[in-house]
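Asks: Handing you this structure, nothing more for now.
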Amino acid sequence: ISITEIVAGDILCVETGDEIPCDGIIVSADGLQIDESALTGEPVEVDKNADGDPFMLSGCTVSAGSAQFLAIAVGKRSQWGIIKSKLEKEQDQTPLQEKL
């Protein structure tokens, strides 16, 4: 399925090596570890499961295991989308840039 066809409420399956396409909540997981360094900068994989830490964030990568999760935010409404939109805003010129 194309990433553009995912909507909130879909159940998605991911496994080792997959990039998480949207934010979601884990329904079931088997030995799931996520590399969240793209969002947090932390180099350590995070253990995820339905009971302890059930949140999946878009833009992160599955380091080990597999999971099924419920999509809760896609595109610009996901954490990755929010961060990306803030980075894309045009910034006003500084006084020095205006003088140049």
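Asks: Scan (1) over 15 Å from Trp80 (Cβ atoms); (2) modelled with pLDDT under 95; (3) within 14 Å of the chain's Cα centre (by Cα) for the single condition Asp51 breaks and write down its number.
Replies: Condition not satisfied by Asp51: (3).
Asks: I would also like to ask the following. Considering every residue within the range 54-74, establish whether at least one is part of a loop (DSSP other than H, G, I, E, B) and more than 16 Å from the chain's Cα centre (by Cα). First the steps, then the outcome.
Replies: Start the filter on the range 54-74 by keeping residues that are part of a loop (DSSP other than H, G, I, E, B), which leaves 54, 57-60, 74.
Applying the additional criterion that residues be more than 16 Å from the chain's Cα centre (by Cα) yields none.
No, the range 54-74 has no match at all.
Asks: Specify which of the listed residues (Asp47, Asp18, Asp35, Asp30) is in contact (Cβ under 8 Å) with a residue 12 or more places away in the chain, under 19 Å from Ile1 (Cα atoms) and acidic (Asp, Glu). Break it down stepwise before answering.
Replies: Details: Asp47 fails: under 19 Å from Ile1 (Cα atoms); Asp35 fails: under 19 Å from Ile1 (Cα atoms); Asp30 fails: under 19 Å from Ile1 (Cα atoms).
Step by step, each of Asp47, Asp18, Asp35, Asp30 is checked, and only Asp18 is in contact (Cβ under 8 Å) with a residue 12 or more places away in the chain, under 19 Å from Ile1 (Cα atoms) and acidic (Asp, Glu).
Asks: Among the residues of the range 17-41 satisfying the criterion of being more than 16 Å from Pro54 (Cβ to Cβ) and buried (at least 17 other Cβ atoms within 10 Å of the Cβ), which is modelled with the highest pLDDT? Write out each step before concluding.
Replies: Step one: of the range 17-41, the residues more than 16 Å from Pro54 (Cβ to Cβ) are 17-19, 21, 35, 37-41.
With the extra rule that they be buried (at least 17 other Cβ atoms within 10 Å of the Cβ), the set shrinks to 21, 35.
Working: Pro21: 92, Asp35: 95.
My answer is Asp35.
Asks: Residues in the range 86-94: is at least one open to solvent by 80 Å² or more (accessible area, probe 1.4 Å) and among the hydrophobic types (A, V, I, L, M, F, W, C)? It would help to see each step written out before you state the result.
Replies: We begin by selecting, within the range 86-94, every residue open to solvent by 80 Å² or more (accessible area, probe 1.4 Å); these are 86-93.
Okay, now just the ones that are also among the hydrophobic types (A, V, I, L, M, F, W, C), so 87.
Within the range 86-94, one or more residues are open to solvent by 80 Å² or more (accessible area, probe 1.4 Å) and among the hydrophobic types (A, V, I, L, M, F, W, C).
Asks: If you don't mind, another one. Return the only residue of Val7, Val14 being at negative phi, open to solvent by less than 90 Å² (accessible area, probe 1.4 Å), not in a loop (DSSP other than H, G, I, E, B) and not acidic (Asp, Glu). Break it down stepwise before answering.
Replies: On the way: Val7 fails: not in a loop (DSSP other than H, G, I, E, B).
Only one candidate qualifies: Val14.
Asks: Moving on to the next point. I'm told Ala73 meets every condition in (1) in contact (Cβ under 8 Å) with a residue 60 or more places away in the chain; (2) surrounded by fewer than 17 Cβ atoms within 10 Å (Cβ to Cβ) except one. Can you identify the failing condition by its number?
Replies: (2) is the only condition that Ala73 fails.
Asks: Turning to a different aspect of this structure: Quick check on the range 42-70: of everything there that is within 18 Å of Gly9 (Cα to Cα) and among the polar types (S, T, N, Q), which residue is surrounded by the most Cβ atoms within 10 Å (Cβ to Cβ)?
Replies: Taking the range 42-70 and keeping what is within 18 Å of Gly9 (Cα to Cα), we get 50, 54-58, 67-70.
Checking which are among the polar types (S, T, N, Q) leaves us with 58, 68.
Working: Ser58: 26, Gln68: 15.
It comes out as Ser58.
The values are calculated or read from the model by the stated rules, or taken from the named source; none is laboratory data. Just so it is clear, the structure is predicted and the values come from calculations on it, not from any experiment. When we count neighbours, we look across all protein chains shown, and the Cβ atoms used for this are built from the backbone with ideal geometry, even at glycine. Only protein heavy atoms, including side chains, enter the accessible area calculation; ligands, DNA and RNA are left aside. Shrake-Rupley method; radii C 1.70, N 1.55, O 1.52, S 1.80 Å.
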